[in-house]
Amino acid sequence: MCTRAFVELSKTTAAKRGMPLEPIVFTPHPVWGKTPAELAVMVSGPDPVAGKPIMKEIVDNLTTPLSEAEKKTGIENVSAGPAVYGPDTLDNLQEIFMNNGMTDYMPVIIPTEEKVEAMLKGTSHHPDEVLKKAIQGVGYESAQWGYTVRHAAVNAVMAGCRPEYFPVVLAMASVGELGLFGSTTSASSAILINGPIRDKLSMNYGIGALSPFAQSNATIGRVWTLMSKNLSSGGIPGDTYQGSQGNNLDYNNLVIAEDEKNSPWTPFHVQMGFKPEENVVSFFLGWDIRQGHGAKGAGAIVNPMFDEQISDMFRTMAGTSGALVVCDPLVAKRLVEQGYDTKEKLAEWLWKNTMRTAKDYRESSLAYVYTYPLALEGREPYATWYKVPEDTLIPWFPKASNINFVVCGGQTNAFFQVANMNHSRSASIDKWM
């Protein structure tokens, strides 16, 4: 059962999961933001696709025996494109790649055999080593195809990576994390890199750290998007991608190299249990990023209470995700002066001092969709949050550990940025060298 906006998607997904004739009931669109009374009117009316009364259609679909045709199953197989394109002109090859959905609609480096072989020299791993095994079917949730080191190398060439970046690319590809999401909320992602490799690859973590001022930052972020399209079925509008407005961060994602030298805090990868000398890539998944200016009100008087400013920004975020706070070294050092000598201490303060009422939380559509089902299962703290009185104050995020901090920036002013993103996982880069 879904809204009429997803007619083709629902039928295609059912077929790809082996149920080509699965009965589907459609409601009017949209249902988001409707009151219970408005929704009741919708479901008591006709299916806008079949024309039948919705409730009768549901009952009939659940009680009528399946026909022999409806009992048939079958998974759609993945058909890979040709292993070699051409010979052809560079312009024609650009068109072929773009028209087949293999690019981000920006020009790519054509992955000739020579360029791919050069990229493969960036790792000691065999080109045919499998990074991810194939999963039969290509539906919305079964979107992982099988791919190898060589497949990752092709995408690294296309993105403009150098061979020395390739171990980072392989670490990213090995976890199978998609840089393009199917959510209607136009999600985005962040990549954080720690360890000595940041300097080896000349990554930018100073002035303009989050901007396109280093080939390594830019292309490592870009290849994640390309791999999401070419090593799985991610990023197909109307199928595996449903972002209503899209997100400009999806071009090359948010790429952060942490400034470990100028940070007064423990580097993020060490927090996650890695050694300081290890090279690690971490993934953060969520929605967006916005800037905090370190000023009080609209004036130019610097407010030393950065903790309060960060908590103010939290209140504009979806509490179902986490927060990634990107601090300029000036901000981090001033926070230490305020008594937050560890990231954990600051996260604990923010967690305890960013509150909303249980009523506001329960009325949030995101909470209803994502955490109410967990509450029904008895998962904490959601079960409690749905039982306490409406005026009870509850934290914005489930745990203090949902709030993470990294340091980068050129120290030209005490600014910070907050991304509505939660840490997903971290992976070793060293094992792919």
Item to complete: For Ala414, state whether it is surrounded by 15 or more Cβ atoms within 10 Å (Cβ to Cβ), over 26 Å from the mean Cα position of the chain (by Cα) and in the same structural domain as Val149 (by TED's automatic domain parsing).
Response: yes
Worksheet, complete the sentence: Note on Phe181: of the conditions (1) surrounded by fewer than 23 Cβ atoms within 10 Å (Cβ to Cβ); (2) in a loop (DSSP other than H, G, I, E, B), unmet is (1)
Item to complete: Could you pull out the residue among Lys52, Lys16, Lys56 that is of a type in the set (Lys, Arg), under 31 Å from the mean Cα position of the chain (by Cα) and either at positive phi or not assigned by TED's automatic domain parsing to the domain that holds Gly238 (or both)?
Response: Lys16
Discussion item. Among the residues of segment 271-293, are any among the polar types (S, T, N, Q), over 22 Å from Met433 (Cα atoms), at pLDDT 95 or above and assigned by TED's automatic domain parsing to the domain that holds Arg425?
Written reply: yes
Worksheet item: Only one of (1) crowded, with 24+ Cβ neighbours inside 10 Å; (2) over 12 Å from the mean Cα position of the chain (by Cα); (3) within 21 Å of Cys327 (Cβ to Cβ); (4) not hydroxyl-bearing (Ser, Thr, Tyr) fails for Ile207. Which number is that?
Response: (1)
Response to the item:
If we ask which residues in segment 23-50 are assigned to a strand (DSSP E or B) and modelled with pLDDT under 90, their number turns out to be 0
Practice prompt. Determine whether Ala419 is assigned by TED's automatic domain parsing to the domain that holds Thr342 and under 20 Å from Gln309 (Cβ atoms).
Written response: yes
Practice prompt. Determine whether segment 375-392 contains at least one residue that is out of contact with any Gly (no Cβ under 9 Å at 6 or more places or on another chain), part of a loop (DSSP other than H, G, I, E, B), among the basic types (Lys, Arg) and modelled with pLDDT of 90 or more.
Written response: yes
Worksheet entry | Single residue of Ala15, Ala5 found to be in contact (Cβ under 8 Å) with a residue 60 or more places away in the chain and over 30 Å from Val108 (Cβ atoms) | Ala15
Response to the item:
Of the residues in segment 315-370, those that are part of a loop (DSSP other than H, G, I, E, B) and either over 20 Å from Leu285 (Cβ atoms) or β-branched (Val, Ile, Thr) (or both) come to Arg315, Thr316, Thr320, Asp328, Gln338, Gly339, Tyr340, Asp341, Thr342, Thr354, Glu363
Worksheet entry | Residues that are of a type in the set (A, V, I, L, M, F, W, C) and within 13 Å of Leu249 (Cα to Cα), drawn from segment 205-222 | Leu210, Ala218
Item to complete: Among residues belonging to segment 176-193 that are closer than 26 Å to Asn204 by Cα and of a type in the set (Val, Ile, Thr), point out the one that is nearest to the chain's Cα centre (by Cα).
Response: Ile191
Worksheet item: Which ones in segment 231-250 are crowded, with 18+ Cβ neighbours inside 10 Å and outside any loop (DSSP other than H, G, I, E, B)?
Response: Ser232, Tyr241, Leu249, Asp250
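The values are calculated or read from the model by the stated rules, or taken from the named source; none is laboratory data. Note that the structure is a prediction, hence the values are computed from the model and not measured. Counting neighbours? That spans all protein chains shown, and the Cβs are built from the backbone with ideal geometry, glycine included.
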